[in-house]
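Heads up: the structure comes next, in structure tokens.
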């Protein structure tokens, strides 16, 4: 949750506007604080009211967290509900579900690598990192997926793996696969390949890894997703490459 702070040092600013709530039509705090969700009220107090609270580890024993953890598989993954075998294997579907659940546990409930379930989930995701450095290979067959790689890295960084050499390796891969305009794209789309048509998925999923044409324009969506990993990392968030990609996106807003 982004920290919303008022700035008491802005000269000439009306004091009634120094509270972020005064800029909204309705004050959301009463509704948020009346929630029975312990994780929600914890982060409202911490991030919106700037309260000094005890560690978020208090949330690790809530009924919602326990319910999620009961479904974790022995290898650290969570089982994807459903799926189509002709598109991807059960294990590759489970990569998607594990990423989704990790997002709930880390972002919504404040779990990190100190919790054994997060350590197991991280081990599972790291086991799918390739020698090149990317994550999530298999979700699109043999194809690169920089957006999946980055958002998985984002959660692993938030969970406490920011100094892990495997994360560093992931950043090196992301930088190596960057488009020349400073953003990122879906590699197979840069060479004209599409998933459309009755045989599109089958052809792409069974094709060898398709290298991108780095001269083609980047994708706004993919660049935004990749920047989530950079924004989460204390060193890479201020890198020249991250700033350039951010400026690229900002330049296309208007």
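No lab work stands behind these numbers, since they all come straight from the coordinates. Source: prediction; values computed, not measured. Backbone-built Cβ (ideal geometry, glycine too); neighbour counts: all protein chains shown.
By how many degrees, between 0 and 90 and to the nearest 10, does the Cα long axis of helix 240-251 differ from the longest principal axis of the chain?
80
By per-residue mean of other Cβ atoms within 10 Å, what is the highest-first order of 83-94, 102-113? Before the final figure, lay out each step's value.
Numbers: 83-94: 14.1, 102-113: 19.9.
Per-residue Cβ counts within 10 Å, averaged per peptide and sorted highest first, yield 102-113, 83-94.
Between residue 166 and residue 220, what length in nm is gained on full extension when 0.36 nm per residue of separation is reduced by their alpha carbon distance?
16.8 nm
Compute the length gained on full extension between residue 36 and residue 180: take 0.36 nm times their separation in residues and subtract their Cα-Cα distance, giving the result in nm to one decimal.
On the way: separation 144, 0.36 × 144 = 51.84 nm, distance 4.87 nm.
Full-extension gain reported as 47.0 nm.
Using only Cα atoms, tell me the angle between helix 165-176 and the longest principal axis of the chain; keep it within 0 to 90° and round to the nearest 10.
Computed tilt is about 70 degrees.
Could you put 195, 253, 126, 171 in order, starting from the residue whose Cβ has the fewest other Cβ atoms within 10 Å? Present the calculation step by step, with values, prior to reporting the outcome.
Numbers: 195 14, 253 6, 126 17, 171 22.
Fewest-to-most Cβ neighbours within 10 Å comes out as 253, 195, 126, 171.
Rounded to a whole number, what is D in µm²/s for the range 142-230 from Stokes-Einstein with the Kirkwood radius over alpha-carbon pairs (10 °C, 1.306 mPa s)?
115
Distance in nm between label sites at residue 189 and residue 249, each 7 Å beyond Cα in the beta-carbon direction?
Spacing of the two 7 Å Cα→Cβ label points: 1.5 nm.
Per DSSP H run of n ≥ 4, the term is -39500 (n - 2.57); total these for the chain, divide by its residue number, and report the mean residue ellipticity at 222 nm rounded to 500 deg cm²/dmol. Working shown, then result.
Values: 10 runs with 98 residues, N = 254.
Helices in the chain give a 222 nm mean residue ellipticity of -11000 deg cm²/dmol.
Pairing the Cα long axis of helix 146-156 with the longest principal axis of the chain, what angle in degrees results, from 0 to 90 and rounded to the nearest 10?
In the chain, helix 146-156 runs at an angle near 40 degrees to the longest axis.
For residue 86 and residue 58 in one chain, what is 0.36 nm times their gap in residues minus the Cα-Cα distance, to one decimal in nm?
Numbers: separation 28, 0.36 × 28 = 10.08 nm, distance 4.28 nm.
Full extension of this stretch gives 5.8 nm more.
Just the Kirkwood number for the chain, please: inverse of mean 1/r across all distinct Cα pairs, in Å, one decimal.
On the way: mean 1/r = 0.0489 Å⁻¹.
Value: 20.4 Å, from the Cα pair sum.
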